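**Student:** Below is the structure I would like to discuss, written out as structure tokens.
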Amino acid sequence: MTAADPDTALPLDPAIAATRELAPPGPWRRFGRGLRNFVRRSPLSAFWGVVAAAIIIVAVAAPVLAPYEPLKSDFRHMTKPPAAPHYFGTDQIGRDTLSRVIYGSRASLTVAIGAVLFGTTLGALWGLASGYFGGRFDIVSQRLIEFLQSFPDLILAMAIAMALGAGFGTVIVAIAITRIPFGGRVIRAVVLSLKEMSYVEAARGLGASHLRMMARHILPQCIAPYLILATTHLGVAIIIEASLGFLGVGIPPPTPTWGNMLADSLNAGLVPPWWLVLFPGCAITVTVLAFSLLGDGIRDLVDPRLRGAVSVRGGKAAAL
């Protein structure tokens, strides 16, 4: 008898088998189960999630994937249309457009992710405190948020960038400030409904401190809306960053960004060459679409109002 022979192996103790069945799944198993559920419920959003992941991988691996240095000029191939060896063409000083699009993804995604994380996190903490404490603090906070929301996002970001001066960190701060009101409003609404729940009242009756109730009982319930906000606002942040670069108040040249590339195309002649407009524009469009539709899929997955929905497939009712 060998341990590898399934016919002669000793049967598993029923108690051990029952314990394994009752044991909670590990984090990787829960992640895999959630990923399969997400793909089953939102195949289109899952597809765009793969596209978004591919764009992030391209941005991280830009030095390996880019065929040329983004700032290297080739004066023998200036303003050339797409053809070998420059498959996306070249600009007016001979820089490879494909390499600049690839490297531009690094700058644009870094600014967008940094601004969204900073702005949404600050707004979420602000909304958490505003919704929990209420009273005069809540009134003053909401008036400040309404003041920020009274300005269009692009105008507000442009004014802040022009006041602070052009730079990488300046653009992140300018875009992050435009994201604060959204995080504050959404998380405040969640907190207002959560702080009246029975388990929060029980924790308050047991003498839990305000910090403990916010961190342990309310904040974990705000993670899902926070993730939705962060994902969906990435596309908006990319558009604002590209707009600032196009208007000349974003990341200063010669750093390649998609907005700077669109602005540089205007200097190539009276009529900009089509490839200098098409490829950066397509990169912006695909990236914004990918993150927006991925955020919509995540929202549909974690929205409590959609968890109880029932769909009929093949004559059988399946809980979504």
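The values are calculated or read from the model by the stated rules, or taken from the named source; none is laboratory data. What you are looking at is a predicted structure, and each value in this text was computed from that prediction instead of being measured. Every residue, glycine among them, receives a Cβ derived from its backbone with ideal geometry; neighbour counts consider all protein chains shown. Protein only, heavy atoms only, side chains kept; ligands, DNA and RNA dropped before computing areas. Shrake-Rupley method; radii C 1.70, N 1.55, O 1.52, S 1.80 Å.
**Student:** Has the range 206-218 got at least one residue that is in a helix (DSSP H, G or I), surrounded by 15 or more Cβ atoms within 10 Å (Cβ to Cβ) and in contact with a Gly (Cβ under 9 Å, 6 or more places away or on another chain)?
**Tutor:** Looking through the range 206-218, at least one residue is in a helix (DSSP H, G or I), surrounded by 15 or more Cβ atoms within 10 Å (Cβ to Cβ) and in contact with a Gly (Cβ under 9 Å, 6 or more places away or on another chain).
**Student:** Do we have ASN267 as loosely packed, with under 15 Cβ neighbours inside 10 Å, among the polar types (S, T, N, Q) and at pLDDT below 90 here?
**Tutor:** yes
**Student:** Using the structure shown, decide if GLY123 is over 24 Å from ALA52 (Cα atoms), small (Gly, Ala, Ser), assigned to a helix (DSSP H, G or I) and at pLDDT 90 or above.
**Tutor:** Spelling it out, GLY123 is indeed over 24 Å from ALA52 (Cα atoms), small (Gly, Ala, Ser), assigned to a helix (DSSP H, G or I) and at pLDDT 90 or above.
**Student:** Filter the range 151-207 for residues that are of a type outside the set (Gly, Ala, Ser), under 21 Å from PRO220 (Cα atoms) and more than 25 Å from the chain's Cα centre (by Cα) and give the result.
**Tutor:** LEU192, LEU194, LYS195, GLU196, MET197, TYR199, VAL200, GLU201, ARG204, LEU206
**Student:** Something else now. If you check every pair at least six apart or on different chains, which have Cβ atoms under 7 Å apart with a residue in the range 167-179 that is open to solvent by 10 Å² or more (accessible area, probe 1.4 Å) first and a residue that is not in a helix (DSSP H, G or I) second?
**Tutor:** The qualifying pairs are PHE168/ILE251.
**Student:** What are the residues in the range 85-95 that are within 14 Å of LEU278 (Cα to Cα), free of Cβ contacts under 8 Å to residues at least 60 places away in the same chain and of a type outside the set (Phe, Trp, Tyr), if any?
**Tutor:** Across the range 85-95, the qualifying residue is only THR90.
Quick grid of which residues meet (1) touching a His at 6+ places or on another chain (Cβ under 7 Å); (2) open to solvent by less than 60 Å² (accessible area, probe 1.4 Å); (3) without any contact (Cβ under 8 Å) to a residue 24 or more places away in the chain:
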residue	(1), (2), (3)
ARG33	no, no, yes
ASN37	no, yes, no
ARG41	no, yes, no
SER45	no, yes, no
VAL51	no, yes, no
TYR68	no, no, no
ALA83	no, yes, yes
ILE102	no, yes, no
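**Student:** Can you give me the number of residues within the range 282-304 that are over 17 Å from SER99 (Cβ atoms) and either modelled with pLDDT under 85 or surrounded by fewer than 18 Cβ atoms within 10 Å (Cβ to Cβ) (or both)?
**Tutor:** The total comes to 13.
**Student:** In contact (Cβ under 8 Å) with a residue 60 or more places away in the chain, more than 30 Å from LEU276 (Cβ to Cβ) and either among the β-branched types (Val, Ile, Thr) or in a helix (DSSP H, G or I) (or both), is that true of GLY114?
**Tutor:** Against the criterion (in contact (Cβ under 8 Å) with a residue 60 or more places away in the chain, more than 30 Å from LEU276 (Cβ to Cβ) and either among the β-branched types (Val, Ile, Thr) or in a helix (DSSP H, G or I) (or both)), GLY114 does not qualify.
**Student:** Go through the range 110-133 and give me each residue that's open to solvent by 10 Å² or more (accessible area, probe 1.4 Å) and not polar (S, T, N, Q).
**Tutor:** Within the range 110-133, ILE113, GLY114, LEU117, PHE118, LEU122, ALA124, LEU125, TRP126, LEU128, ALA129, TYR132, PHE133 meet the criteria.
**Student:** Looking at THR97 and the list (1) open to solvent by less than 10 Å² (accessible area, probe 1.4 Å); (2) β-branched (Val, Ile, Thr); (3) within 25 Å of the chain's Cα centre (by Cα), which single condition is not satisfied?
**Tutor:** Just one mismatch for THR97, condition (3).
**Student:** Of everything in the range 249-264, what is under 30 Å from GLY184 (Cα atoms) and either without any contact (Cβ under 8 Å) to a residue 60 or more places away in the chain or open to solvent by 20 Å² or more (accessible area, probe 1.4 Å) (or both)? Give them in sequence order.
**Tutor:** Result: VAL249, single match.
**Student:** So which of PHE137, PHE151, PHE147 is more than 30 Å from GLY49 (Cα to Cα), free of Cβ contacts under 8 Å to residues at least 40 places away in the same chain, among the hydrophobic types (A, V, I, L, M, F, W, C) and not in a helix (DSSP H, G or I)?
**Tutor:** Residue meeting the stated conditions: PHE151.
**Student:** Could I ask something else about it? Against the condition out of contact with any Ser or Thr (no Cβ under 9 Å at 6 or more places or on another chain) and touching a residue at least 12 places away in the same chain (Cβ under 8 Å), how does VAL191 come out, does it pass?
**Tutor:** In short, no.
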